[in-house]
Every structure is written in structure tokens, then in C-alpha cells.
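Data first, discussion second: the structure below is written as C-alpha cells.
The values are calculated or read from the model by the stated rules, or taken from the named source; none is laboratory data. On a predicted model such as this, the values are computed, not experimentally measured, just so you know. Backbone-built Cβ (ideal geometry, glycine too); neighbour counts: all protein chains shown. Calculation scope for accessible area: heavy atoms of the full protein, side chains included, ligands and nucleic acids excluded. Shrake-Rupley method; radii C 1.70, N 1.55, O 1.52, S 1.80 Å.
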Amino acid sequence: MSETSISIAASGARATMREIKQQPEVWQELALNIEAARTEIEVFLAPLLESSDLRIILTGAGTSAFIGEIAAPALAKSLRTRVDAVATTDLVSNPTQYFAEELPTLLVSFARSGNSPESIAATDLAEELLGRHLVHHLVVTCDPAGKLAMKHGDQQNSFVVLMPAEANDEGFAMTSSFTSMLLACLLIFNGRNDQAIQALSAAVSNILSAKEKDVEQLAHRAGDKIVYLGSGSLTGLARESALKLLELTAGQVITYFDSALGFRHGPKAVIDEATLVIVFVSSDHYTSRYDIDIVSELRRDLGDDHVVTISVSPAGTVDAPGWVLEGLADLDDAYLAAAYVVFAQLFGLHCSLRLGAAPDNPFPDGDVNRVVKGVTIHPLSTVQ
């Protein structure tokens, strides 16, 4: 075992580091698995997608919910149908609002374990309010023994898609489980895309082999306030990146997220001379103009060293801190998110190590849990 490996293991980061670095290989296996199940998937989905009034809801809790926020804009565009991203935490607490329309509904549930109380409650409430004849369930999960997979594995109106076994992360923070479920969603609905998987795997392998030291150095000079910005699908990624840093540092670093345009409307007040802003630049030529505008503005306000860009092109980001991921310029932002987030995962990991937290279990006292606890699901039928 190398000195670096010993250091990682001793600091309580073994699982998290392994799960970050395994992602290119896991994605390759995932793509093969999806293709092996393609015929069954299409038999389930095709009749639903033919409905002109189909509503697709992408749901999950925490990081799993952010998969929906990233994927929804891309799927709405490609499928030409209504796609809403609504967290299970919202569906469960406000079911009559989110299940108010009697429309054929495909509820796509993302879950690492499928054991969070809201996961099954959301599927039950959909059927209770809309009727089982209107609701179908696509479950995308990492744990074949989880409650969600077990409940929906043999239901006629459900289809369960399992991630590769390695994607069932042991670490506290979701890393390979997040990217695997995101890519699974895109491959399920948009079809086979070997070019995207190969390009993402190559780009992330390069980050892990050639850029990690740079990310570590950035983590060591960063202050205690980090802002992530992104537009469209990448706003959901900014939210996930902010949460990843908050989780891995056990709340020792203050994080914030917003869209490139939304940040000016009040939230910009969060920045000061100690703030580091990280901007995910869109691959869309039009959208990226707004990202580059906020980058230029913030660099004037804070200085070049306080604004970092992650992009697929150097346009507008030259001569200042940033990473350009080559070979990804033709990918939609929802696919890009899988590569961009690896930077955020590594950054969060090294910030955690710098602060003396244990990334695999940042909350040893159980104040925050890997699978949420303490949630009471109240029966809707008891409400008067």
C-alpha cells in the first residue's frame, strides 16, 4: 500500500475515495447493463410515452432529488413531453398539490438504498390520489435488497432498474451512486449513447490521474465559504455540489448554490473577500454566454483567484483559474454533469481532509445519517 493510500485509509476516506475513482469503470458496466435490458425497458415504457398527456415526475430525496433537477430539462426537450422534478420530501408533505392532476403519470424514483421513509411513501401516495390505473413506476436504485426495489420488483405497473453493485456506495456521501443513476436515466429515455459514455469516462479518468493534485491545492487555499453556480441542468448540479461539500466537511464549510442569472437577484450578497465561487459553464453556446458574464463580473469584484470555472471550452475562461474538460463539447449539459461533479466530489473530499473530518462518516455522533431517520409518515386518510 502506498503512502498516499495509507494516509487516505487512516483519515477515514477509503470508501469515498474508491467510489469517486471507480466511476469511469462503473459507467461502462452500467451502459452494458442498460443495453442488456433494453427490450424489457422499451416494452414497459413505449405504451406510456405514446400518451399525449403523459406526465413524468422525477423524484428522490436529497442527492437523489437533484438527479431529477439535472435530467428534467434535457428529457423534456428530447421527449417533447412534460417532465417535472419534484423531491419525495415535497411529494410526501404536500401530496394533494403535486398529485392534483388526473393524468397518466410515470413516477421515476431514484434511490441509493430505497430505504428512506419518503421513497415508498411517495409511490403509495401517487396511487392513493391518482388511482393505480393512472400511475406507473420506474425505480432506479442501487440496492436490490432495498425496500423500494423489493416492493416494486413484482408489481405489474412497475419496472426496477438496478445499478452495478459497485454503485451502492458505502461512504456517507453519494458519489458513484449519483452519477450512475443520472446516466441510467438519460440512457433509458434517450437511448444508447456509447460515444457519451466513452467521452465521459476518458475525461474523468484524466481528472483523476492528472488533475487531482490541482484540486487538492485548491481545497487547501479555499476559505470557509464556497458558492457553486450553473445554468439550466447545471443549476441542479450546483445544488448537488454544494451539498456534497457541506456533507463531507460536516458543515464546517458554508456553501451556497444558484443559477448564473439568479445569483444577481439578491443572493450575490453572500460573497465577501474570502468567498470562492465555482462556475459550471454550459456546453450550450447561447447559455454559456450568461455563465461567462457572471464569471467576468465576479472576477472584477473578487479577483481572478476567487472564481474558478469548469468548462468544455476555454472561451471566456482563459488566463484565470479553471479546468477545461476536453472531448465533451458536443454533450448536453445533463451528461456533462456526470463529469463536472467529479471535480466537486474531489474538492469536497480534500476540503474534508484539510479540516480533519472523516469523509466516509463525517457525522460519527449520528446527527445526520446516511439513510435518513426520524421521519414519521402520516396517513393521508386521517386528515380531515
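Identify, among His265, His378, Ala111, the residue whose Cα sits farthest towards the positive end of the charge dipole of the chain, taking +1 on the Cβ of Lys and Arg and -1 on the Cβ of Asp and Glu, with the dipole about the Cα centre.
Sorting the options by dipole projection puts first His378.
Evaluate the distance, in nm, between pseudo-label points positioned 7 Å from the Cα of Arg82 and of Asp224 along their respective Cα→Cβ axes.
A separation of 4.7 nm, rounded to one decimal place.
Can you give me the accessible area per residue for the stretch 219-367, using a 1.4 Å probe, in Å²?
Details: 5710 Å² over 149 residues.
Normalised by residue count, the accessible surface of the stretch 219-367 is 38 Å².
For the stretch 219-315, what's the relative contact order in percent, using C-alpha pairs closer than 8 Å and at least 6 residues apart? Intermediate results must be reported in sequence, preceding the final value.
Values: 150 pairs, mean separation 29.9, N = 97.
The normalised contact order for the stretch 219-315 reaches 31 percent.
Could you please report the charge total around Val86, scoring K, R as +1 and D, E as -1 over all other residues with beta-carbon less than 14 angstrom from its beta-carbon? Working shown, then result.
Values: positive: Arg55, Arg82; negative: Glu69, Asp84, Asp90, Glu101, Glu118.
Residues near Val86 contribute -3 overall.
For a quick check: with amide H placed at 1.01 Å from N, whose amide H comes under 5 Å from Val160's, ignoring anything fewer than 5 positions away on the same chain?
Those qualifying (amide H under 5 Å, at least 5 residues apart or on another chain) are Val139.
Count the net charge of all other residues whose Cβ sits under 14 Å from the Cβ of His137, scoring Lys and Arg as +1 and Asp and Glu as -1. Working shown, then result.
Working: positive: Arg55, Arg132, Lys147, Lys151; negative: Asp124, Glu127, Glu128, Asp154.
Result for the local shell: 0.
Name the long-range amide H neighbours of Phe257: under 5 Å, sequence gap of 5 or more, or other chain; modelled H, no Pro or chain starts.
Residues meeting the amide H criterion: Tyr228.
Apply the Karplus parameterisation 6.51 cos²θ - 1.76 cosθ + 1.60, with θ equal to phi minus 60°, to every residue of the stretch 12-17 and state each ³J(HN,Hα) to the nearest whole Hz, in sequence, with x for glycine and proline.
Karplus values, whole Hz, x for Gly and Pro: x, 10, 4, 5, 5, 5.
Take the chain, mark every one of the trypsin sites (Lys or Arg not before Pro) that falls in a DSSP loop and has at most 10 other Cβ within 10 Å, then report the longest stretch left between them, sites excluded.
On the way: sites that count: Arg80, Lys373.
After excluding every exposed loop site, the longest remaining stretch is 81-372.
With point charges of +1 on the Cβ of Lys and Arg and -1 on the Cβ of Asp and Glu, referenced to the Cα centre of the stretch 8-81, which listed residue (Ala46, Thr63, Ala31) lies farthest in the positive direction of the dipole?
Thr63
Taking the Cα centre of the chain as origin, sum charge times position over the Cβ atoms of Lys and Arg (+1) and Asp and Glu (-1), and report the length of that vector in debye to the nearest 20. Walk me through the numbers on the way to the answer.
Details: 27 positive and 48 negative charges, 40 e Å.
For the chain, the charge dipole is close to 200 debye.
Which net charge results when you count Lys and Arg as +1 and Asp and Glu as -1 among the other residues whose beta-carbon is under 13 Å from that of Ala31? Could you put the intermediate results ahead of the total?
Values: positive: Arg38, Arg192; negative: Glu25, Glu29, Glu35, Asp194.
Around Ala31, the charge tally is -2.
Not counting ligands, DNA or RNA, and with a 1.4 Å probe, what is Ile377's accessible surface area in Å² rounded to the nearest 10?
Accessible area, nearest 10 Å²: 70 Å².
State, as an integer percentage, the relative contact order of the chain based on alpha-carbon contacts under 8 Å between residues 6 or more apart.
Values: 696 pairs, mean separation 75.6, N = 384.
So the answer I get is 20 percent.
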